[in-house]
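The values are calculated or read from the model by the stated rules, or taken from the named source; none is laboratory data. In this text the structure is predicted, and so the values were computed from the model without any measurement. Here the Cβ positions follow ideal geometry from the backbone for every residue, glycine too, while neighbour counts run over all protein chains shown.
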């Protein structure tokens, strides 16, 4: 009985281990979707009322979900350092310090956006936002596909590994 | 906070520290901070430029930091003003911009690669218009008046104080004033509130071309006096003529050192020919500005 329980625990643990990368991809996907919504909100606000950047960031921190909410609050607080750091630097530091499941490609795309926002005319900023949103959407598509293709395989691999260990132990 | 401290708050910290090292007696006399990439930062004092204390030339990064600081990283909201060449700042101060201009279809689209900035300190001199207004209104009525001075001669400062005195009735009986502040320099509205005292009976229309603003004010606010800064366009003259025919008193400024200089410029020649204005106030530049009131042919 004890042996059977141990075997079940081992297999369950191995399966969970195998599913971990898939869960990480799911978190990345969710974050990319939140970022996509946040950029769409920025685009709408800029297009219709062109509020100043502190107001835009305040809206994001109020109306967005994790991790954008935390990031927007960090950048909003960081605006006190304007004059010492550029807005692009404050924006990038916010991305680097806010905990969130973002991977280097989307981090880089978002950091590039920070170099364009707040510096140019509305049309140029809208164009930068659109390009970044497209880039995030492409990355989300790739992530979704990767998760679909590899998610089950990782689970099976974890389970097989667990089974192999179990056989060895038995 | 004194005006000097208020203005240097628009500079990046390193330049702010250097500005604070200027001898305190000079603080109230600083007219501009000039920042040019690769050159030492300077301040303008009564026509001269002095280097700021400390070492090191202004960097392009400092120029960019300054613009980001004053716009709060919101160039898109300030760009319409930047297309006119400067950004209006809280307190009535302004930041002039120079660099590479990006145009599209003949319109200024953006300013990239900043090369120099001019942080201009707004000075209100309450009371400077009192002797002028006393001379103008010797018979108890305000005549249509032109204020003349070369650029930087103090026209806007005098106009602002004249508007305040007329509006509050501090020299003559109080009159309702409509102020066309096309460039936002006279009243310097900030979130709907004038940053300079322009009197309690003054209605301000900012950012609107003068010719349109004069007629809008005339229709909407029924001013007894219409005031505007820097007449430069034939359309302004047509609008002023219309307003004068409707019974409003006129108060305006022009770039000219004297009435004689006014008469040789085609636009201003026409202004004189229309006989809209009966008095000219000529400002003479110097350490202490002097005013002279002259009669114009009418």
Identify the single condition in (1) touching a strand residue (DSSP E or B) at 6+ places or on another chain (Cβ under 6 Å); (2) within 14 Å of chain A (Cβ to nearest Cβ); (3) assigned to a helix (DSSP H, G or I); (4) surrounded by 21 or more Cβ atoms within 10 Å (Cβ to Cβ) that residue B:35 does not satisfy, given that it satisfies every other one.
(3)
For residue A:100, indicate whether it is within 14 Å of chain B (Cβ to nearest Cβ), touching a residue at least 40 places away in the same chain (Cβ under 8 Å), in contact with a helix residue (DSSP H, G or I) (Cβ under 6 Å, 6 or more places away or on another chain) and outside any helix (DSSP H, G or I).
no
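Here is a check on your reading of the model: is residue B:30 within 14 Å of another protein chain (Cβ to nearest Cβ), crowded, with 18+ Cβ neighbours inside 10 Å and modelled with pLDDT under 95?
Answer is no for this residue.
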Restricting to the range B:247-273, what's the tally of residues that are under 28 Å from residue B:188 (Cβ atoms) and out of contact with any strand residue (DSSP E or B) (no Cβ under 8 Å at 6 or more places or on another chain)?
1
Return only the number of the condition from (1) in contact with a helix residue (DSSP H, G or I) (Cβ under 7 Å, 6 or more places away or on another chain); (2) at negative phi; (3) free of Cβ contacts under 8 Å to residues at least 60 places away in the same chain that residue B:123 does not satisfy.
(3)
Which of the numbered conditions does residue B:281 fail, given that it passes all the others? Conditions: (1) more than 30 Å from residue B:29 (Cβ to Cβ); (2) in contact with a strand residue (DSSP E or B) (Cβ under 6 Å, 6 or more places away or on another chain).
(1)
So, in the range A:103-139, of the ones that are within 14 Å of another protein chain (Cβ to nearest Cβ) and not in a helix (DSSP H, G or I), which residue ends up farthest from the chain's Cα centre (by Cα)?
A:121
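Inspect all residues belonging to the range B:269-292 and state whether any of them is assigned to a helix (DSSP H, G or I), touching a helix residue (DSSP H, G or I) at 6+ places or on another chain (Cβ under 8 Å) and surrounded by 14 or more Cβ atoms within 10 Å (Cβ to Cβ).
Yes, the range B:269-292 contains at least one residue that is assigned to a helix (DSSP H, G or I), touching a helix residue (DSSP H, G or I) at 6+ places or on another chain (Cβ under 8 Å) and surrounded by 14 or more Cβ atoms within 10 Å (Cβ to Cβ).
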Given (1) more than 29 Å from residue B:284 (Cα to Cα); (2) part of a strand (DSSP E or B); (3) within 14 Å of chain A (Cβ to nearest Cβ), index of the condition residue B:67 fails:
(2)
What is the number of the single condition among (1) at pLDDT 80 or above; (2) within 14 Å of chain A (Cβ to nearest Cβ); (3) in contact with a helix residue (DSSP H, G or I) (Cβ under 9 Å, 6 or more places away or on another chain) that residue B:93 does not meet?
(2)
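Run down A:39, A:32, A:76, A:15 and say which single residue is crowded, with 18+ Cβ neighbours inside 10 Å, within 14 Å of chain B (Cβ to nearest Cβ) and touching a helix residue (DSSP H, G or I) at 6+ places or on another chain (Cβ under 8 Å).
None of the other options fit; the residue is A:76.
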